[in-house]
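Rule-based calculations on the coordinates, nothing more; no lab input. Treat the numbers as computed from the prediction; the structure is a model and nothing was measured. Note that we place each Cβ from the backbone using ideal geometry, even for glycine, and neighbour counts take in every protein chain shown.
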Amino acid sequence: MLDGEAIHVRLYKNRFPERPKTIDPSSLVMGSLRDPDGTFGIEHLPIRTAEFLSWQPELLAMSTVSTDELGGYEEWKRAGGGVWGMTADLRLPPNP
């Protein structure tokens with residue numbers, strides 16, 4: 001979801017050895033901190049558009065966003081939450 005200067009994403013627990021060509025959205029899972037394999041997703045991550053684009057995203061599939069999936073976004077809006085991502089002028093200089 002695009003909202004002003006931020007893109008709101010949901011990061012799923014699923015990991016792939018390489019970027020898939022297609023994805024079935026119903027196969028994506030959030031996971032939990034209690035999962036035996038130690039992996040979990042992030043329900044809601046508001047990130048600056050430029051930062052998101054630096055990930056070089058590719059559209060793999062489109063689906064309808066459910067009310068449940070919007071829970072983290074709605075909570076973020078109510079709390080007046082911030083946005084993740086650094087602008088180029090705020091990045092630390094490279095190590096010599």
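Could you sort the peptides 33-45, 12-24 by per-residue average Cβ neighbour count (10 Å cutoff), highest mean leading?
Order by mean packing, descending: 33-45, 12-24.
Taking just the alpha carbons, could you work out the radius of gyration and Dmax for region 40-89, both in angstroms?
12.9, 37
Computed on alpha carbon atoms, what radius of gyration and Dmax characterise region 2-83, expressed in Å?
13.7, 38
Residue farthest toward the positive end of the dipole of the chain, with Cβ of Lys/Arg at +1 and Asp/Glu at -1: which of 81, 30, 20?
20
Under 5 Å between amide hydrogens, which residues at least 5 positions from residue 12 or on another chain qualify, with H placed 1.01 Å from N in the peptide plane?
42
I need to check one value: relative contact order of region 2-83, counting alpha carbon pairs closer than 8 Å and at least 6 residues apart, in percent.
Relative contact order for region 2-83 comes out at 36 percent.
What net charge do the residues around residue 71 carry, taking every other residue with its C-beta under 14 Å from that of residue 71, with Lys and Arg at +1 and Asp and Glu at -1?
The answer is -2.
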